[in-house]
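Following: one structure in structure tokens, then a few remarks.
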Amino acid sequence: MKWTTKMLKLIEPHVGFSTERSVKIIDWKLGILYYVLAALSVVYIVILLIIDQQYLVASPVIGLVTPYIQSYYDGVDPAVDFSQFQDEFYAGFEAANGSTYKFCENSDYNFQYSDAYTYYDVNCNALDEDQIWTKSDGEIFVKTIANENVVAYFVLDSEEDACDRTAFEAKDMADSCLDDSEYSKHLGRCYCIAEQNSFFYGAENLTLVLDHKYNGNGYEGTRPPTTVRRKDEKNEDYEVFEDDEFIFLPIYRILEIAGVDLDSKQTSPEMKGTDGNGKETYPYVRVTGVIIELTFYYGNRKTNPHGHKLKQEVEALLVVDAVYAWSSSGNDVIYDFYDDNATAYVNQYSYGISIKFNMGGQLWNFDFTQFVNSLVA
């Protein structure tokens, strides 16, 4: 027993603990002040939580856009019809009766970037709807100009046969040979070969149609309310689409929103060339093409990065931006086949309007852990 008592006396100083001493002050004035200050502190914390929404946690959005092109648009703007525009354009060209008509064979558009890239007195041609635009992963491309190698050939019955325009007319292939084609024989075939540059009119009068959806942080949906704005502009809504509404935008309207004029010049130093007579000049956007970036930002509850205050549970902001650069779709070969293994083709290297799509944004949800952390922070 004595041994146990001695051990407890040795341990006691090391296992003890102390408590704060509290003093109760009985003074109604100080009491009221204390509770008022405590209440104000709670109100202040609650206001901060509400204003800054510090109880929310964000997660990235997975977005998907499905774009395609159609020829007709009937909206609040004047109706746009691709084929009708082409007919009206051609009628105006014919009425000019050899005079300069818009950008067709217009010497103002002459441009030489280098010996390999020259654009002089570019003529105008029409392409069918399914030929003037292409779709690839994350991009719609609409042609405005192309360098074309125009080739046609047929098999000679004999090396003694003539190889000239008359020979192609006899094969009903005269339309496949340009007026300035060169004719030659090679490996038992008769060829007509020519090179030309062509503007394709009507590109701006196609209509872009967008279907889009999102998924993230417990939210998913299709075609939420969408507002269209130009990048770095926070005060103007160019177009507004309601909930579950497809986005219809004529190409010319997209260019307007982006601030792009195809018939204005690119003036960045790296674009500088000559007009063919040695005079320095810059190319028109219709010659070089342009990149249009369309970025979807999905958001809820909080103001998104572009200053658009959200009114719905989930909304989308479609931001339009233009990047001035040479915009090309590369080579595209169009074939036309005739009887007796005769063939004609046009190898186009095209420039035009490249529309690219990006998806982003954040969706916010209540998180209890974040709420507690905000209270004790």
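The table below lists the values:
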{"read-out": "Of residues in segment 311-357 being among the charged types (D, E, K, R) and assigned to a strand (DSSP E or B), the one farthest from LYS234 (Cα to Cα)", "value": "ASP336"}
{"read-out": "Residues satisfying the stated conditions in segment 273-295, i.e. in a strand (DSSP E or B), touching a residue at least 24 places away in the same chain (Cβ under 8 Å) and more than 13 Å from ASP108 (Cβ to Cβ)", "value": "GLY273, THR274, VAL290, ILE291, ILE292, GLU293, LEU294, THR295"}
{"read-out": "Of all residues in segment 240-267 being without any contact (Cβ under 8 Å) to a residue 40 or more places away in the chain and among the acidic types (Asp, Glu), the one that is surrounded by the most Cβ atoms within 10 Å (Cβ to Cβ)", "value": "GLU256"}
{"read-out": "Selection within segment 104-127 - hydroxyl-bearing (Ser, Thr, Tyr) and in contact with a strand residue (DSSP E or B) (Cβ under 9 Å, 6 or more places away or on another chain)", "value": "TYR109, TYR113, SER114, TYR117, THR118, TYR119, TYR120"}
{"read-out": "Enumeration of residues in segment 149-162 that are out of contact with any Leu (no Cβ under 7 Å at 6 or more places or on another chain) and either closer than 18 Å to ASP339 by Cα or not small (Gly, Ala, Ser) (or both)", "value": "ASN149, VAL151, ALA152, TYR153, PHE154, VAL155, LEU156, ASP157, SER158, GLU159, GLU160, ASP161"}
{"read-out": "Selected residue (criterion: surrounded by the most Cβ atoms within 10 Å (Cβ to Cβ)) from residues of segment 89-143 that are closer than 23 Å to PRO250 by Cβ and small (Gly, Ala, Ser)", "value": "ALA126"}
{"read-out": "Which listed residue is outside any loop (DSSP other than H, G, I, E, B) and surrounded by 18 or more Cβ atoms within 10 Å (Cβ to Cβ), from GLU270, GLU195, GLU220, GLU204", "value": "GLU204"}
{"read-out": "Failed item in (1) farther than 30 Å from LEU64 by Cβ; (2) surrounded by fewer than 16 Cβ atoms within 10 Å (Cβ to Cβ), with SER176 passing the rest", "value": "(2)"}
{"read-out": "Segment 169-192, residues that are part of a strand (DSSP E or B), without any contact (Cβ under 8 Å) to a residue 24 or more places away in the chain and either among the small types (Gly, Ala, Ser) or in contact with a Leu (Cβ under 8 Å, 6 or more places away or on another chain) (or both)", "value": "SER184"}
{"read-out": "Matching residues, segment 144-170, being surrounded by 17 or more Cβ atoms within 10 Å (Cβ to Cβ), farther than 30 Å from VAL290 by Cα and not hydrophobic (A, V, I, L, M, F, W, C)", "value": "TYR153"}
{"read-out": "Some residue of segment 302-314 being modelled with pLDDT of 90 or more and either in contact with an Asp or Glu (Cβ under 9 Å, 6 or more places away or on another chain) or surrounded by 15 or more Cβ atoms within 10 Å (Cβ to Cβ) (or both)", "value": "no"}
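The values are calculated or read from the model by the stated rules, or taken from the named source; none is laboratory data. This one's a predicted model, so the numbers in the text were calculated from it and none came from an experiment. Cβ sites come from the backbone with ideal geometry, for glycine too, and all protein chains shown count toward neighbours.
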